[in-house]
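Inspection log for the structure reproduced underneath, given as C-alpha coordinates.
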Amino acid sequence: MMSFKINYSTIIVLLTGLLILIAVPSFQNPAVADNSRVYFESLQQRLIIEGFDKGMIKDLYNRPEVYFDFKGVSRYFVHSEAKLNYDQFTSKRSIEKAKKYISKYSTELSRAERIYGVDKEIVTAIILVETRLGKVIGSRSVLNTLSTLASLSDLNISEMVWDENSSSYSRTREEFNKWSKRKSKWAYAELKAFFKYVNREGIDPAIINGSFAGALGIAQFIPSSILAFAKDGDGDGSVDLFNHADAIISIATYLGHYGWHPGIDGKDACKVIYRYNHSKYYVNTILKISELLKG
(Lines give C-alpha, C1' and ligand atoms only; values in the text may rest on other atoms or scores of the structure.)
Protein backbone atom coordinates (compact mmCIF):
# COMPACT_ATOMS: atom_id res chain seq x y z
CA MET A 1 0.00 0.00 0.00
CA MET A 2 1.27 3.42 -0.92
CA SER A 3 1.44 5.95 1.86
CA PHE A 4 1.11 9.70 1.49
CA LYS A 5 2.78 12.27 3.66
CA ILE A 6 0.53 15.23 4.36
CA ASN A 7 2.26 18.53 3.69
CA TYR A 8 0.24 21.04 5.68
CA SER A 9 2.06 24.07 4.28
CA THR A 10 1.11 22.98 0.75
CA ILE A 11 -2.52 22.58 1.77
CA ILE A 12 -2.53 26.06 3.29
CA VAL A 13 -1.11 27.53 0.08
CA LEU A 14 -3.71 25.73 -2.06
CA LEU A 15 -6.56 26.82 0.18
CA THR A 16 -5.31 30.40 0.15
CA GLY A 17 -5.20 30.34 -3.64
CA LEU A 18 -8.73 28.97 -3.77
CA LEU A 19 -10.00 31.73 -1.47
CA ILE A 20 -8.33 34.35 -3.65
CA LEU A 21 -10.00 32.96 -6.75
CA ILE A 22 -13.38 33.01 -5.03
CA ALA A 23 -12.86 36.56 -3.83
CA VAL A 24 -11.78 37.99 -7.21
CA PRO A 25 -14.44 40.47 -8.39
CA SER A 26 -16.40 39.76 -11.55
CA PHE A 27 -14.51 42.27 -13.63
CA GLN A 28 -11.38 40.16 -13.30
CA ASN A 29 -12.68 37.24 -15.35
CA PRO A 30 -10.79 36.87 -18.68
CA ALA A 31 -13.65 38.22 -20.80
CA VAL A 32 -13.88 41.43 -18.84
CA ALA A 33 -10.36 41.91 -17.50
CA ASP A 34 -9.19 43.01 -20.94
CA ASN A 35 -11.71 45.87 -21.03
CA SER A 36 -9.02 48.48 -20.44
CA ARG A 37 -7.00 47.18 -23.38
CA VAL A 38 -9.93 46.58 -25.74
CA TYR A 39 -12.41 49.35 -24.99
CA PHE A 40 -10.00 51.99 -23.77
CA GLU A 41 -7.21 51.56 -26.32
CA SER A 42 -8.16 54.46 -28.59
CA LEU A 43 -8.96 56.61 -25.56
CA GLN A 44 -5.50 56.03 -24.14
CA GLN A 45 -3.89 57.01 -27.42
CA ARG A 46 -5.86 60.27 -27.52
CA LEU A 47 -4.82 61.15 -23.97
CA ILE A 48 -1.16 60.38 -24.64
CA ILE A 49 -1.16 62.41 -27.88
CA GLU A 50 -2.60 65.36 -25.94
CA GLY A 51 0.28 65.29 -23.48
CA PHE A 52 -0.70 63.00 -20.62
CA ASP A 53 2.16 60.84 -19.38
CA LYS A 54 2.23 57.58 -21.32
CA GLY A 55 3.42 55.47 -18.42
CA MET A 56 0.80 56.87 -16.08
CA ILE A 57 -2.01 56.31 -18.58
CA LYS A 58 -0.94 52.77 -19.47
CA ASP A 59 -0.47 51.76 -15.84
CA LEU A 60 -3.79 53.29 -14.80
CA TYR A 61 -5.87 51.58 -17.50
CA ASN A 62 -4.20 48.24 -16.80
CA ARG A 63 -5.37 48.26 -13.20
CA PRO A 64 -8.11 45.65 -12.50
CA GLU A 65 -10.46 48.19 -10.91
CA VAL A 66 -10.47 50.27 -14.08
CA TYR A 67 -13.00 48.79 -16.50
CA PHE A 68 -15.65 49.61 -19.09
CA ASP A 69 -18.90 50.26 -17.22
CA PHE A 70 -21.67 48.79 -19.36
CA LYS A 71 -24.30 49.18 -16.65
CA GLY A 72 -23.37 52.78 -15.96
CA VAL A 73 -23.57 53.93 -19.56
CA SER A 74 -26.89 52.15 -19.98
CA ARG A 75 -28.36 53.79 -16.90
CA TYR A 76 -27.17 57.23 -17.99
CA PHE A 77 -28.78 56.85 -21.42
CA VAL A 78 -32.23 56.08 -19.99
CA HIS A 79 -32.00 58.60 -17.12
CA SER A 80 -34.85 61.09 -16.90
CA GLU A 81 -34.72 64.04 -14.50
CA ALA A 82 -38.50 64.43 -14.68
CA LYS A 83 -39.00 60.98 -13.14
CA LEU A 84 -37.04 61.76 -9.99
CA ASN A 85 -39.01 62.24 -6.80
CA TYR A 86 -37.87 65.64 -5.58
CA ASP A 87 -40.93 66.00 -3.33
CA GLN A 88 -39.21 63.79 -0.76
CA PHE A 89 -36.84 66.66 0.01
CA THR A 90 -39.63 69.02 1.03
CA SER A 91 -41.02 66.66 3.67
CA LYS A 92 -41.05 67.79 7.29
CA ARG A 93 -38.35 65.28 8.18
CA SER A 94 -36.02 66.44 5.39
CA ILE A 95 -36.47 70.09 6.30
CA GLU A 96 -35.72 69.38 9.95
CA LYS A 97 -32.49 67.62 8.95
CA ALA A 98 -31.56 70.55 6.73
CA LYS A 99 -32.13 73.00 9.59
CA LYS A 100 -29.80 70.95 11.77
CA TYR A 101 -27.25 71.06 8.96
CA ILE A 102 -27.46 74.86 8.89
CA SER A 103 -26.89 74.95 12.63
CA LYS A 104 -23.97 72.52 12.47
CA TYR A 105 -22.20 74.34 9.62
CA SER A 106 -23.33 77.86 10.51
CA THR A 107 -19.77 79.22 10.44
CA GLU A 108 -19.04 77.86 6.96
CA LEU A 109 -22.42 78.86 5.55
CA SER A 110 -22.25 82.36 7.01
CA ARG A 111 -18.76 82.85 5.58
CA ALA A 112 -19.91 81.77 2.12
CA GLU A 113 -22.93 84.06 2.36
CA ARG A 114 -20.76 86.98 3.44
CA ILE A 115 -18.21 86.54 0.64
CA TYR A 116 -20.45 85.57 -2.27
CA GLY A 117 -23.86 86.84 -1.21
CA VAL A 118 -25.47 83.43 -1.58
CA ASP A 119 -28.18 82.59 0.94
CA LYS A 120 -27.24 79.78 3.31
CA GLU A 121 -30.67 78.25 2.71
CA ILE A 122 -29.99 77.94 -1.02
CA VAL A 123 -26.60 76.29 -0.48
CA THR A 124 -28.13 73.90 2.05
CA ALA A 125 -31.05 73.10 -0.26
CA ILE A 126 -28.63 72.13 -3.03
CA ILE A 127 -26.61 69.89 -0.71
CA LEU A 128 -29.84 68.29 0.54
CA VAL A 129 -31.06 67.44 -2.96
CA GLU A 130 -27.70 66.52 -4.42
CA THR A 131 -26.41 64.20 -1.69
CA ARG A 132 -28.90 64.16 1.20
CA LEU A 133 -26.64 66.55 3.11
CA GLY A 134 -23.51 64.62 2.19
CA LYS A 135 -24.84 61.18 3.10
CA VAL A 136 -25.25 59.81 -0.46
CA ILE A 137 -22.38 60.80 -2.72
CA GLY A 138 -22.49 58.04 -5.32
CA SER A 139 -20.82 54.66 -5.60
CA ARG A 140 -19.63 54.51 -9.21
CA SER A 141 -16.04 55.10 -10.20
CA VAL A 142 -15.74 58.56 -11.73
CA LEU A 143 -12.77 57.38 -13.77
CA ASN A 144 -14.69 54.41 -15.17
CA THR A 145 -17.78 56.50 -15.87
CA LEU A 146 -16.00 59.24 -17.78
CA SER A 147 -13.67 56.83 -19.58
CA THR A 148 -16.60 54.67 -20.66
CA LEU A 149 -18.62 57.59 -21.97
CA ALA A 150 -15.58 59.13 -23.69
CA SER A 151 -14.89 55.82 -25.45
CA LEU A 152 -18.23 56.01 -27.23
CA SER A 153 -16.59 58.31 -29.77
CA ASP A 154 -15.21 55.08 -31.23
CA LEU A 155 -18.02 53.84 -33.48
CA ASN A 156 -17.06 50.19 -32.93
CA ILE A 157 -17.40 50.59 -29.19
CA SER A 158 -20.66 52.51 -29.53
CA GLU A 159 -21.95 49.65 -31.67
CA MET A 160 -21.01 47.09 -29.01
CA VAL A 161 -22.75 49.08 -26.29
CA TRP A 162 -25.91 49.29 -28.39
CA ASP A 163 -25.86 45.57 -29.12
CA GLU A 164 -25.30 44.76 -25.46
CA ASN A 165 -28.10 46.97 -24.11
CA SER A 166 -30.57 47.73 -26.91
CA SER A 167 -33.12 45.21 -25.65
CA SER A 168 -33.56 47.28 -22.47
CA TYR A 169 -33.79 50.65 -24.24
CA SER A 170 -37.06 52.32 -25.10
CA ARG A 171 -35.28 54.86 -27.27
CA THR A 172 -34.29 54.36 -30.91
CA ARG A 173 -30.89 53.59 -32.37
CA GLU A 174 -30.80 57.05 -33.92
CA GLU A 175 -31.43 58.64 -30.53
CA PHE A 176 -28.66 56.54 -29.01
CA ASN A 177 -26.20 57.53 -31.75
CA LYS A 178 -26.91 61.24 -31.24
CA TRP A 179 -26.66 60.88 -27.48
CA SER A 180 -23.40 58.90 -27.57
CA LYS A 181 -21.79 61.37 -29.97
CA ARG A 182 -22.71 64.31 -27.75
CA LYS A 183 -21.86 62.61 -24.46
CA SER A 184 -18.55 61.17 -25.62
CA LYS A 185 -17.31 64.64 -26.53
CA TRP A 186 -18.48 66.02 -23.19
CA ALA A 187 -17.03 63.11 -21.21
CA TYR A 188 -13.61 63.34 -22.87
CA ALA A 189 -13.31 66.99 -21.86
CA GLU A 190 -14.44 66.11 -18.33
CA LEU A 191 -11.99 63.21 -18.14
CA LYS A 192 -9.10 65.52 -18.97
CA ALA A 193 -10.32 67.97 -16.33
CA PHE A 194 -10.58 65.10 -13.86
CA PHE A 195 -6.97 64.09 -14.47
CA LYS A 196 -5.82 67.68 -14.02
CA TYR A 197 -7.68 67.91 -10.72
CA VAL A 198 -6.40 64.64 -9.22
CA ASN A 199 -2.85 65.34 -10.40
CA ARG A 200 -2.98 68.79 -8.80
CA GLU A 201 -4.29 67.44 -5.51
CA GLY A 202 -2.23 64.24 -5.50
CA ILE A 203 -5.25 61.92 -5.47
CA ASP A 204 -5.44 58.42 -6.92
CA PRO A 205 -8.03 58.79 -9.75
CA ALA A 206 -9.17 55.18 -9.39
CA ILE A 207 -10.47 55.58 -5.83
CA ILE A 208 -12.91 58.46 -6.35
CA ASN A 209 -16.58 57.51 -6.58
CA GLY A 210 -19.47 59.65 -7.70
CA SER A 211 -22.71 59.59 -9.62
CA PHE A 212 -23.44 57.61 -12.79
CA ALA A 213 -23.02 60.94 -14.61
CA GLY A 214 -19.49 61.56 -13.34
CA ALA A 215 -20.31 64.18 -10.70
CA LEU A 216 -18.53 63.89 -7.38
CA GLY A 217 -18.44 65.04 -3.80
CA ILE A 218 -20.97 66.65 -1.49
CA ALA A 219 -21.60 69.36 -4.07
CA GLN A 220 -21.76 66.88 -7.00
CA PHE A 221 -19.50 68.99 -9.21
CA ILE A 222 -18.36 67.72 -12.58
CA PRO A 223 -14.54 67.96 -12.99
CA SER A 224 -14.56 71.09 -15.17
CA SER A 225 -16.60 72.87 -12.51
CA ILE A 226 -14.10 71.77 -9.88
CA LEU A 227 -11.27 73.38 -11.82
CA ALA A 228 -13.25 76.56 -12.39
CA PHE A 229 -15.09 77.07 -9.11
CA ALA A 230 -14.05 74.72 -6.31
CA LYS A 231 -12.32 76.40 -3.37
CA ASP A 232 -10.51 75.50 -0.19
CA GLY A 233 -13.08 76.28 2.50
CA ASP A 234 -11.22 75.21 5.62
CA GLY A 235 -7.77 76.58 4.86
CA ASP A 236 -5.97 73.24 4.79
CA GLY A 237 -4.40 73.96 1.39
CA SER A 238 -6.38 71.40 -0.59
CA VAL A 239 -9.68 71.34 -2.46
CA ASP A 240 -11.71 68.36 -1.32
CA LEU A 241 -15.37 68.32 -2.29
CA PHE A 242 -15.97 65.45 0.13
CA ASN A 243 -15.29 68.02 2.84
CA HIS A 244 -18.30 70.11 3.90
CA ALA A 245 -16.41 73.39 4.25
CA ASP A 246 -14.94 73.05 0.76
CA ALA A 247 -18.29 71.98 -0.73
CA ILE A 248 -20.17 74.90 0.83
CA ILE A 249 -17.76 77.60 -0.35
CA SER A 250 -17.54 75.98 -3.79
CA ILE A 251 -21.32 76.00 -4.31
CA ALA A 252 -21.44 79.64 -3.25
CA THR A 253 -18.58 80.45 -5.65
CA TYR A 254 -20.43 78.74 -8.50
CA LEU A 255 -23.76 80.49 -7.88
CA GLY A 256 -22.07 83.84 -7.31
CA HIS A 257 -20.23 83.53 -10.60
CA TYR A 258 -23.49 83.02 -12.46
CA GLY A 259 -25.14 86.06 -10.94
CA TRP A 260 -26.53 85.28 -7.52
CA HIS A 261 -26.59 88.35 -5.27
CA PRO A 262 -28.35 89.48 -2.10
CA GLY A 263 -31.99 90.28 -2.79
CA ILE A 264 -32.02 88.51 -6.15
CA ASP A 265 -35.52 88.28 -7.62
CA GLY A 266 -37.32 85.02 -8.35
CA LYS A 267 -36.82 85.08 -12.11
CA ASP A 268 -33.07 85.63 -11.90
CA ALA A 269 -32.76 83.11 -9.07
CA CYS A 270 -34.31 80.48 -11.33
CA LYS A 271 -31.81 81.26 -14.07
CA VAL A 272 -28.83 80.91 -11.74
CA ILE A 273 -29.96 77.62 -10.18
CA TYR A 274 -30.76 76.29 -13.65
CA ARG A 275 -27.04 76.60 -14.40
CA TYR A 276 -26.41 74.11 -11.59
CA ASN A 277 -28.92 71.59 -12.90
CA HIS A 278 -30.79 72.01 -16.19
CA SER A 279 -34.14 70.94 -14.80
CA LYS A 280 -37.05 73.24 -13.96
CA TYR A 281 -38.29 70.56 -11.57
CA TYR A 282 -34.94 70.75 -9.75
CA VAL A 283 -34.94 74.56 -9.71
CA ASN A 284 -38.44 74.79 -8.26
CA THR A 285 -37.57 72.23 -5.59
CA ILE A 286 -34.44 74.14 -4.49
CA LEU A 287 -36.41 77.38 -4.18
CA LYS A 288 -39.21 75.66 -2.28
CA ILE A 289 -36.78 74.08 0.18
CA SER A 290 -35.11 77.44 0.69
CA GLU A 291 -38.40 79.07 1.61
CA LEU A 292 -39.26 76.25 4.01
CA LEU A 293 -35.88 76.65 5.70
CA LYS A 294 -36.49 80.35 6.18
CA GLY A 295 -39.96 79.73 7.58
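The values are calculated or read from the model by the stated rules, or taken from the named source; none is laboratory data. On a predicted model such as this, the values are computed, not experimentally measured, just so you know. Positions of Cβ are backbone-derived with ideal geometry, glycine not excepted, and every protein chain shown enters the neighbour counts. Each accessible area value is taken on the protein alone, full model and side chains, heavy atoms only, with ligands, DNA and RNA left out. Shrake-Rupley method; radii C 1.70, N 1.55, O 1.52, S 1.80 Å.
Using the heavy atoms of the protein chains alone and a 1.4 angstrom probe, what is the accessible area of the stretch 176-295 per residue in square angstrom?
Per-residue value: 44 Å².
In square angstrom, what is the accessible area per residue of the stretch 78-134 with a 1.4 angstrom probe?
54
For the chain, with all protein chains present and a 1.4 Å probe, just round the carbon and sulfur fraction of the accessible area to a whole percent.
Roughly 54 percent of what the probe reaches on the chain is carbon or sulfur.
May I ask for the net charge around A206, where only other residues with Cβ less than 10 Å from the Cβ of A206 are counted and Lys, Arg are +1 while Asp, Glu are -1?
Residues close to A206 contribute a combined charge of -1.
Please give the FRET efficiency for W162 paired with V38, using the beta carbon to beta carbon distance and R0 = 22 Å, rounded to the nearest 0.05.
E between W162 and V38, to the nearest 0.05, is 0.85.
Determine the dipole magnitude for the stretch 154-273: charges of +1 sit on the beta-carbon of Lys and Arg, -1 on that of Asp and Glu, nothing else is charged, the reference point is the Cα centre, and the result goes in debye to the nearest 20.
Using Cβ point charges on Lys, Arg, Asp and Glu, the stretch 154-273 gives about 540 debye.
From the helices alone, meaning DSSP H stretches of at least four residues, give me the mean residue ellipticity at 222 nm for the chain, per-run term -39500 (n - 2.57), in deg cm²/dmol to the nearest 500.
Taken over the chain, the calculation gives -19000 deg cm²/dmol.
So which of K71/K92; K92/K267; K97/K192; K120/K196; K178/K288 end up more than 32 Å apart by C-alpha?
K71/K92; K97/K192; K178/K288
Going from the alpha-carbon gyration tensor of the chain, what semi-axes, largest first and in whole Å, does one get by taking the root of 5 times each eigenvalue?
So the three semi-axes of the chain are 41, 24, 20 Å.
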